[in-house]
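As structure tokens, the structure follows; a few thoughts come after it.
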Amino acid sequence: MRDVRLRASQDAEEAADREDGEAETLRTREEGVEEADEELGKKIQAAREGRAATKDAEKTGYAQQVLEELQRVEWPGAGAAFTRTLLVISIVGGAGALLLVLNAALAQVSERLFGL
């Protein structure tokens, strides 16, 4: 009988030790979670601040970036611009004339076929 009581007492002590260990583990985990939460909160705050700073920089830097890009462009000289302008006008005029002649020819064919 005494052995049973001794064994029950030992089992109770072991259970209490396990509960103490589990409680300590839970406290340690909770502390770790709290630290992780704080760290995550700091990262989120830093990201928000960085995003706000980036947006401000984009607003003020856009005009500057446009000007820098315009400086990189190789602008043609006056002679080259004039020559290319005449070339474009000639091609558009030639295409227009070709379509005018083609339209007139097809109108004649349509008139002869359908008698309209």
> List pairs: first in the stretch 102-116 and in contact (Cβ under 8 Å) with a residue 40 or more places away in the chain, second part of a helix (DSSP H, G or I) and among the β-branched types (Val, Ile, Thr), Cβ under 9 Å, 6+ apart or cross-chain?
Replying inline: none
>> Being on the phi < 0 side of the Ramachandran plot, surrounded by 10 or more Cβ atoms within 10 Å (Cβ to Cβ), modelled with pLDDT under 95 and among the polar types (S, T, N, Q): is that true of Ser110 here?
In response: yes
>> So if I check each of Glu35, Glu49, Glu19, Glu58, which one is more than 31 Å from the chain's Cα centre (by Cα) and either surrounded by 10 or more Cβ atoms within 10 Å (Cβ to Cβ) or modelled with pLDDT of 75 or more (or both)?
In response: Glu19
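The values are calculated or read from the model by the stated rules, or taken from the named source; none is laboratory data. Only a predicted model underlies this, so the values are computations on that prediction, with no experimental measurement involved. Quick reminder, even Gly has a Cβ in these numbers, built from the backbone with ideal geometry, and neighbours come from all protein chains shown.
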